[in-house]
Amino acid sequence: MTAVLQLTDVVRVHGEAPHEVQALRGVSFAAYAGELVAVMGPSGSGKSTLLTIAGGLDQPTSGAVTVEGVDLARLGQPERARMRRTSIGYVFQGFNLIPALTAAENVALPRELDGVAPRQARAEARQALEEVGIPHLADRFPDDMSGGQQQRVAIARAVVAERRLILADEPTGALDTETGEEILRLLRARCDAGAAGVLVTHEARHAAWADRVVFLRDGVVVDETGADRAETLTEPAAR
Amino acid sequence: MSGGTTSSRLGGWRVALRLARREAWRRKAQTALMLLLICLPVMAVSAATVVWRTSDVSSAESVTRRMGAAAAVLTPQQTRDVAQKFDPDDGTAWGAENEPPATEAEIRTVLGDRPLLPVRRDSADYRTTHGIAGTNLLVADLRQPLAAGLFRLDDGRFPRSVDEVVVNQAVADRGPGLGDTLVLERRAPDGTKVPIELRVVGVGDYADSRTRAWAAVLPGALGEPTADDGPPQLLVGGGPVTWSDVRALNALGVIVASRQVLTDPPPESALAPDMRGGDEGDDTALTVLGLVVAMVLLEVVLLAGPAFAVRARAQAHTLALVAASGGTPAQARRTVLASGVVVGLVGGVLGVGLGIAGSTLAVPIAQRLDAAWFGPFEVPWALVALVAGFGFLSALLAAVVPAFAASRQDVVAVLAGRRGEGRPSRRSPVVGLVLIGLGVAGSVAGSRPGGGSSALLVGGSAIVSVVGMIFLVPVVVAAVARLAARLPLPLRFAARDAARHRMRTVPAIAAVGATVAGVIALGIAVTSQAASDEQGYSPMLPIGNGAVSLPTDATPGQVDEVEEILRKGLPDAPRERVTGVVMDGADHSLDIGLAHGDQRVMTSYWGILGTSFLVADELPGYLGTRPDDRAAADRVLADGGIVVLRNRSEKALPADRLTVEVGEVPFEGGEIAHLRHADLPAAAARVPERSSPVAAVLSPEAAALLRLPTATTAIAVRPTIEKGALKNVNEQLAASTANVELQVERGYQPEAATRIIKIVLAVLGGILMLGGTLTATFLALSDARPDFATMAAVGARPRTRRGVAASYALVVGLVGALLGAPIGFIPGVAISRPLTYDDVTSSTLLAIPWPLLGAVVVGLPLLTALIVGLAARSRLPLVARLD
Amino acid sequence: MSVKHALLALLEQEPMYGYQLRAEFEQRTGTTWPLNVGQVYTTLSRLERDGLAQGGGEDTEGHVIYRITDAGRDEVATWFTTPVARTQPPRDELAIKLALAVTVPGVDVATVIQQQRSATMAALQDYTRLKRQATGTARAELAWSLVLDSLVFAAEAEVRWLDHCEARLRRAAAELDVQNSRLTDGTSSVKREFRRSTGETHADRTRR
């Protein structure tokens, strides 16, 4: 089974020699279909850089990034943009909806940018909104929605058109615990349905929704947990 | 107590101003844009003011060019009773005429024993390299110290003898230069030309005029002055000539321009009672100026408005925090207004400074375009300060609306990070429609054709309509946003974003609308007037044909000479001698009338064929008659009859036989003497124009029967006549003994000014529109940065940004143009009515400049969008932050 | 953890016999705190002794049914309305282990922390997985889910505490480095003192 996302020895250096900052120092990491991977680390550990590189918004200084077998480094800007329209979905902490567009139009955005006929894009958007449980908000503008609703729209936008890689950057950061949990449940469901997800967070409680947790410290992966043996840990002895 | 209040108020302003200053420094690009928008108009107007004041020569500045080094210049009149203002050029009055002018002796009784230098101004023809041209002549001894400054020598010396002359550059350029011979041609009293040969001993500048031809000779060079020439002007030497001296000389019938009085005029009360007043500025002119200033102010405010709105929005979060911690609305308002104060002050001062600097470059250019020499470089500080104040005011006004909006903003929404504005007010469109209604009513009232029209009312109504339009913009923008649901993404985004940020889009759209309204209004006025002129145009010959009208006393030799020049100069154009009735005799003119019984047949003509009645045995082709009338006309001419030409508005002939009556009108006045008459077969030949070149064509038999004197009155030339060839031929014709001219009918030629005005309108409109659109688009793009980042994250192509930029420009331009165009019709139609009023038919004419309209309403917005789209950066901001 | 009060609270709903009580308890709290039947009967007899419950009557299968007394009801009410006291921190093996690891030389504290974090994280993942299965809204299901949440938050708190420990240890280590470098570079320390008195701190910056 091939990874949907594969990072190999990714190094990212910001700035020039005397003031350079090493955001990532040789990170290798993969996310497979049907799997949600959490990347945990404190501020400055390079989590967000990892995500922008995985989405082709940023280029590694060295190392390789492949998405669905395609090496992003080999692609030009336009092709990388096309990958984001068709293969990679982004969910941000700040929701990042366009306030001038309705919920449905925000969701349809990647499709429309891809040249899909507006009517069809709209239909796909409605379906995606249905999946995240807010079909009735399709014609609302972001300013008229709660934070949780906005983030649901953002998730709908990230999954519309069956994109296979979902990158989420602290998607629950601005939400209360229960709403945040619902958002994670949606992400989880999407991954259970076959997508690969990467969730960047600094909160253990959210990372726990993942199948694997990757610990990032100072731009390197220091540890990784997979989870097995469910019930054993509920023994009080574990405490 | 009040002192405390004042100081606390000042304190509030101090904080606001400090915030504004910091904000201006922090957002440099935005501040630069704001400064540019305020600075440019201030700069242009202050530069224009300086150029105007420099080119304008005041009484005091004109002293040297008028009187050289003298204390005064005296102009004795042929009367003994004159009154004058301090500067006689501003006004003089005199009583009885034909009295002997004051003598030098009489003048000396007033002024005492002073040097007096006679000066005359005259004119003459001179031979140029190509032919003949006219020149002005200064007849004075320029070597005298009193005359110093009247003529500045660049090269050579002043004349020492009567056969010497100095010329200015304008003469030297077209004819003889230094050391050559200048041949003047004076017409002797008997009408013959007398050549006077003069040696050019100097070249220089005449003090008053730069481009007109001037030459200076000693008195006597042109022969002795005749009684008709009147007394010469006198330059007066010695001490100052006081105002009481001037009054005393006025009593002798001498008009005086005194150096002392011009440079330091006495109080108004010193003037003779009937010379006072009457010089106040025209109220109407002042009000029109006020209207223009209001219009420009409105435009500047609208153009600068978006930048201030965006600045205020950028401060919204700060202001919301201030409000949350107990700030008053007044403090919020002040903080935003302070931006206007800072930008207005800096922009005003900077604009004036740049304007004055620019005017030093503009003055020499303007001088080259002006015939008169400019006065000394002059900065009218009071006016310039007013202009700077105008810049300050426009910045302040541009900040007013955002300031009030800021003081009323929804603190919660701002702190929650919502970026949009609420729904547009429901009241504003009503106010807008009412204002537009008022504008229409005012325009109708102000444009009653044929008197009763008031430019003021129309101008005022135009401003009211434009203001009304501004109130309509928000709802229109909101409506466009609603309609945009089905548009492609960039357009939809642009329309929605425009509606969400009305504070910045409304003024931009209104600026475009006001510009378009102005362009359309003036375009309609100019086009309507041109159409009216065209409709009223009467050709003198069929279009393309030409004719040389010959003098009545032309000798056969002269006719041959003219024909020879035409043959050589225009070998491809067929010529025809025109035989016509010689209407003017030595002491009388002929009167030829047509009648049918008691009913007179009125005829008219408008032509250059040297006669109103042609004599020919068949209808000449150069009359432009309708071909289907030719057969009948030729038949009548063959029968010895008369063919009467009927223009578009003349009635048909009452019968096919007419009585032709010939009479004589003595030049000295008196009754028409009837000589003879004849009953002749007649036919009409119609001319499909407003006028016919002659009244009628007589058959040779008829002319003989009525014993009418005939001659070659003109030579008709058929097309094609080239412009270049025409110029050559005309120079030769002017030099021929007959001194005639070939005139060519080219049909209605719209005045060059009309076309230039239209081009200027389109260009100016384009610039203002581009300005309004660009500022709004620039601000929108920088505001939409987060949205672009989002689009990039979901995979937008880089060119999406271009698409959005172009769409934004299109929305602003198109909505503005579509709103502005109908508004422009209000004053446009109003101005065109009095302009095109036809007294005869008491009708008016309305011509819509469709190409201009199309260009401005559709073409310019599309072009602007294209330019913006091509110029916009196509890089999307990518999320790249250090965490 | 007061088994006494928990059983009394269950009895308040309806009279029950021992096995029934154990099953009911476990259903509501998951298998988080397993009770053995002996513990249940010991507790019941203690309740009876204190007059809070009363055994009496048997069901058809001969189980002794216990019911709550009025005094017992009062006791339950008081229990629910009294907050759980945090007077004595529970003895925490992890805290003690870390305290020792920091002070005993030769122990790689970072590794200790990371290993513990991975373990706790894995536990947290398991709790979350269990929670994902508990989506019902029945009261019993909800009770179970809340208990899971309590575990989730506790585990999360532990991870956060570990993060915090790590951050503090790193800072302490960095400061220690700086101090060491100062000790080895006495002359520049004098210079720095001099510069500091004139208000300049370039020396500090260049050193870092």
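Nothing in this text is a laboratory measurement; each read-out follows from the coordinates by a stated rule. Just so we're clear, the structure is a prediction, and the values are computed from it rather than from any experiment. All Cβ positions, glycine included, derive from the backbone under ideal geometry; neighbour counts span all protein chains shown.
Note on chain A: GNM, Cα springs under 10 Å; of A:V13, A:V198, A:V67, the largest mean-square fluctuation is that of A:V13. Please quote Rg/Rh for the stretch A:3-238 to two decimal places, taking the Kirkwood radius as Rh and restricting both calculations to Cα atoms. Value, to two decimals: 0.98. In plain terms, the bigger the Kirkwood radius, the slower the diffusion; for the stretch B:507-659, with that radius from Cα pairs, at 4 °C and 1.567 mPa s, Stokes-Einstein puts D at 66 µm²/s. Treating r as the C-beta distance of B:W381 and A:A117 and R0 as 60 Å, the FRET efficiency rounds to 0.35. Residues B:L302, B:L297 in ascending order of nearby Cβ atoms (within 10 Å, fewest first): B:L297, B:L302. Within the protein assembly as shown, what percent of beta bridges assigned by DSSP are antiparallel, to the nearest 5? Bridges in the protein assembly as shown that DSSP calls antiparallel: roughly 75 percent. When peptides B:722-734, A:100-112, B:55-67 are sorted by average Cβ neighbour count within 10 Å, with the highest value leading, the order is A:100-112, B:55-67, B:722-734. Using Cβ point charges alone (K and R +1, D and E -1), the dipole size of the protein assembly as shown about the Cα centre works out to roughly 5320 debye.
With distances taken between every two different alpha-carbon atoms, chain B has a Kirkwood hydrodynamic radius of 34.3 Å.
For a footprinting-style exposure proxy, rank B:T737, B:T128 by other Cβ within 10 Å, fewest first. Working shown, then result.
Numbers: B:T737 11, B:T128 16.
Least to most surrounded, the residues fall as B:T737, B:T128.
Shown for B:W606, B:W850: other C-beta atoms within 10 Å of each C-beta, ranked fewest to most, produce the order B:W850, B:W606.
With a 10 Å cut-off around each Cβ of C:112-125, the average count of Cβ atoms from other chains is 6.
To the nearest 20 debye, what is the magnitude of the charge dipole of the stretch B:130-181 about its Cα centre, counting +1 on the Cβ of each Lys and Arg and -1 on the Cβ of each Asp and Glu?
Numbers: 5 positive and 7 negative charges, 28 e Å.
Around 140 debye, computed over the stretch B:130-181.
Peptide packing for B:537-549, B:805-817, B:520-532 was compared via the average number of neighbouring C-beta atoms within 10 Å per residue; ordered from the highest value, the list is B:805-817, B:520-532, B:537-549. Two numbers describe the Cα atoms of the stretch C:3-81: Rg and Dmax, which are 11.8, 37 Å.
Would you be so kind as to identify which of C:W33, C:A9, C:G57 lies farthest towards the positive end of the dipole of the stretch C:3-81, taking Lys and Arg as +1 and Asp and Glu as -1 on Cβ and the Cα centre as origin? It is C:W33.
Once the cut-off is 54 Å, how many percent of the Cα-Cα pairs in the protein assembly as shown end up in the long-distance tail? Present the calculation step by step, with values, prior to reporting the outcome.
Numbers: 487107 of 883785 pairs.
In whole percent, the share of Cα-Cα pairs in the protein assembly as shown beyond 54 Å is 55.
Evaluate 2.2 N^0.38 Å with N set to the residue count of the stretch C:90-149, then give the Cα radius of gyration divided by it. Normalised Cα radius of gyration, the stretch C:90-149: 1.63.
Comparing B:H501, B:A531, B:H588 along the charge dipole axis of the stretch B:492-595, the residue lying farthest to the positive side is B:H501, per the Cβ-charge model. Compactness of the stretch B:641-762 was expressed as the Cα radius of gyration divided by 2.2 N^0.38 Å, which yields 1.52. Packing, taken as the mean count of other beta carbons within 10 Å per residue, orders the peptides B:612-622, B:578-588, B:468-478 from highest to lowest as B:468-478, B:612-622, B:578-588. With the convex hull drawn over the C-alpha atoms of the stretch C:1-150, the volume per residue is 158 Å³. For B:S538 and B:A48, a Förster radius of 41 Å and the Cβ-Cβ distance give a FRET efficiency of 0.55, rounded to the nearest 0.05. Between B:R785 and B:D598, the modelled labels are 9.6 nm apart [label points 7 Å from Cα along Cα→Cβ]. Simple rule: put +1 on each Lys or Arg Cβ and -1 on each Asp or Glu Cβ in chain A, find the dipole, and look at A:V213, A:Q22, A:Q120; the Cα lying farthest toward the positive end is A:Q120. With each label modelled as a point 7 angstrom along the Cα→C-beta vector, the B:L456-C:T82 pair spans 9.5 nm. Shielding by partners for peptide B:793-806, expressed as the average number of C-beta atoms from other protein chains within 10 Å of each residue's C-beta, is 6.
Please list the equivalent ellipsoid semi-axes of the stretch C:32-116, computed as the square roots of five times the alpha-carbon gyration tensor eigenvalues, in descending order and whole angstrom.
Details: eigenvalues 425, 64, 19 Å².
Gyration-tensor ellipsoid for the stretch C:32-116: 46, 18, 10 Å.
Roughly how large, in nm² to one decimal, is the mean projection of the convex hull of the alpha-carbon atoms in the stretch B:546-744? Don't skip to the end; give the middle numbers.
Numbers: hull surface 46.4 nm².
Seen from a random direction, the Cα hull of the stretch B:546-744 projects 11.6 nm² on average.
The mean number of Cβ atoms from other chains found within 10 Å of a Cβ in peptide A:153-160 is 1, as a whole number. Remark: the B:N739-B:R143 segment gains 210.7 nm on full extension, using 0.36 nm per residue and subtracting the alpha carbon distance. The Cα-based radius of gyration and maximum Cα-Cα distance (Dmax) for the stretch B:71-266 are 17.9, 52 Å.
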